[in-house]
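Some notes on the structure that comes next.
Derivation of every value follows stated rules applied to the coordinates shown; laboratory data play no part. Only a predicted model underlies this, so the values are computations on that prediction, with no experimental measurement involved. So basically every Cβ, Gly included, is an ideal-geometry build from the backbone, and we count neighbours across all protein chains shown.
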Amino acid sequence: MKKLIALLLVLVMAVSLVACAPAANNNDAGKATYAIVCKDASNPYMARMVSGFKDACKALGIEAIEKSPETTSADDQITIINELVAQGVKGIAIAANDAAALKGAIEAAKQQGVVVVTLDSDTEGSQMFVNQAGVKEVAQVLVDSVADMCGEDGGEFAILSASSTATNQNAWIAAMEEILKDSKYANLKLVETVYGDDESQKSTDEMQNLMTKYPNLECVCCPTTVGILAAAKVVADTADCKIKVAGLGLPSEMKDYVGDDKVCPYMYLWNPIDVGNCAAYMIKALADGKVGAEGTSFTADNTKTYEVLKGDTAATQIIVGPPFAFTGENIADWANVY
Amino acid sequence: MATKSGRTISSVKSRSIKDLVVRWEFLLVLIFLGVNVMNICLSPNYLNAYSLFTNINNFLVKAYIALPMAYILLLGDIDLSVGGNVCLSATMLGIVFNETGSIWLGIAAALATGTLCGALNGLILTKFTELAPMIVTLATNIIYRGLSERILGDGATAGMSKIDWFFNLYYGRVGVVPYMFIIFCVLAVVFGLVMHKTVFGRQMYAIGENKKAAAYAGVKVEKIRMTVFTLTGLVCGFASVFYCANLGSVKSNVAEGFELEAISMCVLGGISTAGGKGTMVGAVIAIFIIGLLRYGLGLINLSGQTIRIILGALLIAVVLYPTIQEAIKNRKKAAK
Amino acid sequence: MTVKNNTLRKGGRLGELLRSRESSLLLVMVLLVAVIQWRSGGKFLSSTVISQLTQNYAYTMVLSFGMLLVLLIGGIDISIGATLALSGMSTSLLMRDGVITSPILAFGFSILVGLVCGIVIGAIVSKGKVIPIIATLGMQYIYRGLTYFVSNTQWVPSDKMLDGYKAFAQGNLLGINNLFWIVIVLFVVMLVFLKWTSFGRQIYAVGSNADAAKISGINIDRVKIIVYAINGAIAGLAGAMYTSMYATAQGNMANGAEMDVIAACVIGGVSLNGGQGSAFGVLLGAITIAIISKSLSLVGIDAFWQQALKGGIIALAVLINVIVQRNSAKKALEGREI
């Protein structure tokens, strides 16, 4: 009887698992499968990228799989890459959580004939980096918007970043510091770089502390979607606060705060849907051997043409587009898109 | 955590422990088989030895830590600092390697750091016995990871994978079987033998069952606790070596959440956090249940969060099992 | 003899007060604040910073009161962060979809979701006889997973939330922020509840000696379920406070909040073995944790030192508490010998 109960329990568990599983991907049907691996499960920015990727796969007649790691540490993404290789997918697009740690897993995948590209964040071993926007271009627009918001006479500004281990943010901040050395920006003073860890409570704390510590602060630059949201909220809720918020943010999240007379006159981002879209076409083109070496150009099946450039970490890269400005006029329209 | 009535996994007192344990392992074996059958049905790719071992390797680092964690739980203690410890040890490995160019020195540094961190936990807990291990290791976990953050800043330490033999610690295989798996088997056997066949093991059971009684019976309680916490630290250092071989680059956010993973593995294996209960065989089976279930569900591309829901439900269902069984038995008796 | 005893008791009572956990904690707190005030150049003790602190950490303080009850019966709950996220997220989703149309309804619904989560845990712990840390570890996975599941990994942006809901967290009454009023009210309720109601005394009885409590006719299972239910409801309340404060609902919100809350309770003198602790101590403990978290970046400590320092201060506070207790126990013994 006891054994029967135990057996029943196991059976019920197995059946319920099968029931709640989505239809298994059948790779033998001759339909190739591409997978996109996100940075984490809780970011709407990533979700938009996935939707672009899936659209492109659909147009190509390819199955698309979406995978998100449980934590932002690199070993979860390694596990996912291994799982995907075991399933026999033909291509993987990955937004890497570490610039070096995924190399072993990616090399092993490539040996099995899987095409591996990176998007959003690059890592060693990737064949092609589908770059949303060049690091220098992003840093340039951020510095320019800070300069604009501080006014002719310059002034003090601070950076509120994500966590200290976030690869993209660190690269942008380093590039910003480089640009700031130019005499053109001599009157801008970066007082401090703080980390809000992409948590609302910590970001709010850091933003408030910046305001307490630097009473002459004129602008805060947040190259992260969680950070800019918290910073804008703090400024908007503080009476008579003249600080302006610049940075990168999602229009749908920032709709309340962007506008000429609001805390954030304008902000930047690129179209994550396009980035995901382009990555899928890129995998297909690489698999078909249609992508040339550095210096050639590449036309995706969506008829957009990109130049193949030398990569910083990956072998080669393409840049999807310059950062796009969201202002009071267009924010409402874009808020419905992403 | 101290043992108190009503806070043990099973309230059943009339049954002998051996009886319960035998049945618990039986249940685990059934679940293990169930998971495997399910995986085979779900995915045609599951029974590929090469990929299977690749993916087993992925959870073996956590499995290494689960072994000493079993000892800690057996004593009625808990260690929430293993994640921070692995992170700091791995950081030291990378830093020392990059400073001196010698991977051997790096490995020595990792082992030393791990052991020191473990010993520090043990020292605080044995000098201040009124402190709960949970709160102490919670604080040291933050400290260890914080030190790694201080050392690495916003950067990473890398380059370890350029040394072939070190890289192969994780990726190397005998046939299809990875070295890491063989080492795990050896470790598991050693840990199991110490737990079940030595005086030290029996003393651990005695402490977990009743600390005071054990002390009166002449068991050096604090000395054993100190040894076990230090041993856990050493194993964390050891695990961090393989972790580095896998990643080849260390940031201060690595090994996040390892503590709860290792504890879940032990608890599913029947080792009660109240102490004095469970076997190593159970823990090892549970390690593979969790690992392979994750892999199987990953193969059919369930999202990580859905997998978590399923793992949580499995954990609760299994620990509820003895109570449900008891209730059914009672109802039958009443019917008679 | 009686005279002697009386004088002794008089001195003893003052000494008792000085030696109590609360006073030693108060001492630690004063020292901490003094150091921070000095290091921050006098910026910490200002009305702005203090009101930011009380507003930003109100939800952690509220959670601490729930945790106090659970710890008092010898239990623990490491799922409150996930319960907070699930209740906050489901409330925000319903607000986005126009189902919840008033702030009061939103708070009520959030508390209800938390209450249900708590009852489930209470049932598993009492009726299922599962060790609390294991039960809540499992339920933490489930509740956090459900949060992502119901939200489909989307965020709820601020423009989709009710204005009154968002305004509540920013509003003041008699110069004190609304969120902190919740803390004050809850503190008073807890104080009365634990000291002067028979159920409050039952909670202590169950925690100090469950067997004795059972013999004296207390229904232990009932006490446990009610305590976990209250704790869940408080976590639900904190979920509403969180989402109204930050005007955003994200899947990973309050991840790991339980650890800060447990630390606050232990610093406040609550024993993890049950039966020992007071609402006043917990309030002090929660404020100490809030001060540490808030001030580390304010006093200009290098961003990369903050984490290690926070852990160090928690360990130190706990250790000082133990040492003070030991000394006072020793003195008490000496006094008795005389």
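Structural descriptor for chain A: relative contact order 19 percent, calculated from alpha carbon pairs under 8 angstrom and at least 6 residues apart. Over all distinct Cα-Cα pairs of the range C:123-282, the Kirkwood formula returns a hydrodynamic radius of 18.0 Å. Taken along the Cα-to-beta-carbon direction at a fixed 7 Å, the label points for residue A:110 and residue B:216 span 6.8 nm.
Once the Cβ-Cβ distance of residue B:29 and residue C:325 is raised to the sixth power relative to R0 = 60 Å, the FRET efficiency obtained is 0.80. For the protein assembly as shown, the alpha-carbon coordinates run over 98, 69, 62 Å along the three principal axes, in decreasing order.
Taking the DSSP bridge list for the protein assembly as shown and keeping only pairs wholly inside it, about 30 percent are antiparallel. Taken along its principal axes, the alpha carbon cloud of chain A reaches lengths of 74, 62, 37 Å, longest axis first. Entry note: chain C has Rg to Rh equal to 1.00, where both radii use alpha-carbon atoms and Rh is the Kirkwood radius. Using R0 = 22 Å, the C-beta based FRET efficiency linking residue A:182 and residue A:325 works out to 0.55. For the range A:57-201, rounded, prolate or oblate, judged on the Cα gyration tensor with a ≥ b ≥ c (square roots of eigenvalues), a/c < 1.5 rounded, else prolate if a/b > b/c? Cα axes put the range A:57-201 in the prolate bin.
The alpha carbon gyration tensor of the range A:135-269 gives principal lengths a ≥ b ≥ c with a/c below 1.5, which makes the shape rounded.
Cross-link check: pairs A:184/A:310; A:189/A:242; A:31/A:304; A:103/A:284; A:39/A:103 evaluated at a Cα-Cα cut-off of 19 Å; pairs beyond the cut-off: A:184/A:310; A:31/A:304; A:103/A:284. Give me the distance between the Cα centres of the range B:84-110 and the range B:127-167, rounded to whole Å. After rounding, the separation between the Cα centres reads 11 Å. The Cα center of the range A:162-177 and the Cα center of the range B:264-336 differ in position by 42 Å. For the range C:269-326 and the range C:74-124, what is the separation of their Cα centres, given in Å? Using only Cα atoms to place each centre, the spacing works out to 28 Å.
For chain A, give the share of DSSP beta bridges that are antiparallel, in percent and rounded to the nearest 5; count only bridges with both residues there. Bridges in chain A are about 20 percent antiparallel. Our helix-only sum for the protein assembly as shown, with -39,500 (n - 2.57) per DSSP H run of n ≥ 4 divided by its residues, gives a mean residue ellipticity at 222 nm of -21500 deg cm²/dmol. From the Cα gyration tensor of the range C:163-242, with a ≥ b ≥ c the square roots of its eigenvalues, which class applies: rounded if a/c is under 1.5, or else prolate if a/b is larger than b/c, or else oblate? Prolate.
Once both labels are positioned 7 Å from their Cα atoms along Cα-to-Cβ, the gap between residue A:315 and residue B:197 label points is 5.3 nm.
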